[in-house]
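Have a look at the structure below, then the notes.
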Amino acid sequence: MVLLHLAHEAAREAGLPLFAFHVHHGLSPNADAWHVHCAAVAAALGIVFDYREVTVEKGKSGVEAAARKQRYAALGEMCRAHGVDLLLTAHHLDDQAETVLLQLLRGSGPAGLSGMDAANRAPTLLGDDVIVMARPLLTVARAELEAYAAAQQIAWVEDESNTDPRYARNALRHQVMPVLAQAFPGFQRRIARSGAHAASSQRLLDELGAQDLQACLDGDALNLPRLRALSADRINNLLRFWFAQRGLGMPSTAWLEQMVAQLTSAREDAQPLVAHPDVDVRRYRDRLLLVPKLKDLAGLRDPDDEGVIVKHAQAFRWNGEASIAFPDYGGVLHFDPAATGLDAAWLRAAPLEIDFRKGGERLKLAPKRPTRGLKQLFQAHAVPVWERSRLPIVSSGIDLLFAAGLGMDCRHVSEGEGRIQLRWESV
């Protein structure tokens, strides 16, 4: 409410439009009354008011985290609906001190101990990277805000859940911080200052991480020999920076140590995998890759695993379509017109099958190249092992026409009009 009144005065003086956004979480029996209160205050000040109702479902991180995610997503949606690119929130100095203390108690590093920024973009929360979220009251203590509100006769609402000690922030606020205030008056500003020092340290770590990433980057992967040349601390910092750049959840120190140990010390011919909630971290040919998690496919099997039940190939006909989707095989088969390819008339009449390779298939990619097994060709074309069993083949009878990731068998290819090139797109 204090922020609303201050913003109202500033916007009026600057001739800027102002909006008041409210999120109705539905978690409190008083939520409807809070919505009415916010709408009434905005109307009294002549401020455009908007709100969103959200449904908060408790996830693995708890109600607070789920509500926060829904709240910021709703605020981002309202910003876009009204063409707003600056969002103001009323976080204050006590909130900053609580945030830094909570992160300290969780064992966070400099990034967590930095606390909240005075202004930043939060695309993962707000839904885009255009909106700037600013906290103009971050250096003002709660006691100062309460005194201002009393002097200006500003009415506000207290959320009853703010006194529930089951929530970590409330326990800190009501049971720990009053004791700190008695022993260390004004501790909030000193904690906030420490947070600023941590933020400065994190900026330096990010600069170093960017330099190391540039030195170790090999395409979209990391070059392992270059990575191994770094100290353990720089490796961990580089990996955290890499994950942040890719928009992935920040791994814990224990997870990082396990990942580095598994991926750097495994024998040369091994194919280690470390699972992250967002991606799989894999090693291939001395490169470290972040690979999207692969969904299960019907009938998928390892051609070297004799104990897996194999699904029969799927027969189909081509009737001139530009593409045919094969969900069980995880993608779409495209039929592209070309000067060199399969004869379209023959292809229409041919009985076709799509299947995963079972081992022993051979392909001739060019007239002057030998016929080779798919395993050899995958190795020659640097197709990672975990992708090979997911790339289907297309046959007509006993003749292999096409292997996804490699190409078509040249013995069935000719030049002329009405030719078709097969192309596989994984989805």
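Using the Cβ of L18 as centre and a radius below 14 Å, the other residues enclosed give a net charge of -3, where K and R count +1 and D and E count -1. Rounded to the nearest 20, the size of the Cβ-charge dipole of segment 83-205 about its Cα centre is 580 debye, with Lys and Arg at +1 and Asp and Glu at -1. Considering only beta bridges that DSSP places wholly inside the chain, some 85 percent are antiparallel.
Taking the Cα centre of the chain as origin, work out the dipole magnitude from +1 charges on Lys and Arg Cβ and -1 charges on Asp and Glu Cβ, in debye rounded to 20. Walk me through the numbers on the way to the answer.
Working: 48 positive and 51 negative charges, 256 e Å.
For this selection, approximately 1220 debye.
Specify whether the C-alpha gyration tensor of segment 2-190 places it in the rounded, prolate or oblate class, a ≥ b ≥ c being the square roots of the eigenvalues: rounded for a/c under 1.5, otherwise prolate if a/b is larger than b/c and oblate if not. Rounded is the answer for segment 2-190, as its axis ratio a/c remains below 1.5.
State, as an integer percentage, the relative contact order of segment 329-427 based on alpha-carbon contacts under 8 Å between residues 6 or more apart.
Working: 176 pairs, mean separation 48.7, N = 99.
Taking the mean separation of contacting Cα pairs over the length of segment 329-427, I get 49 percent.
Other residues lying with their Cβ under 15 Å from the Cβ of G46 contribute a combined charge of -2, Lys and Arg counting +1, Asp and Glu -1. Among residues other than I324 with Cβ under 15 Å from its Cβ, the summed charge is -3 (Lys and Arg +1, Asp and Glu -1).
Label segment 314-426 by shape, choosing from rounded, prolate and oblate, from the square roots a ≥ b ≥ c of the eigenvalues of the Cα gyration tensor; if a/c is under 1.5 it is rounded, and otherwise prolate applies when a/b is larger than b/c, oblate when it is not. Oblate is the answer for segment 314-426, as a/c is 1.5 or above yet b/c matches or exceeds a/b.
Please label the shape of the chain as rounded, prolate or oblate, based on the square roots a ≥ b ≥ c of the eigenvalues of the alpha-carbon gyration tensor (a/c under 1.5 means rounded; beyond that, a/b larger than b/c means prolate, else oblate). Prolate shape, in that a/c is at least 1.5 and a/b is the bigger ratio. Taking packing as the residue-averaged number of other Cβ atoms within 10 angstrom, the listed peptides 232-239, 363-370 run from highest to lowest as 232-239, 363-370.
Of the beta bridges in segment 2-190, as assigned by DSSP with both residues counted there, near 30 percent are antiparallel.
No value in this document is a laboratory result; all are computed from the given coordinates. Just so we're clear, the structure is a prediction, and the values are computed from it rather than from any experiment. Note that each Cβ is placed from the backbone with ideal geometry, even for glycine, and that neighbours are counted across all protein chains shown.
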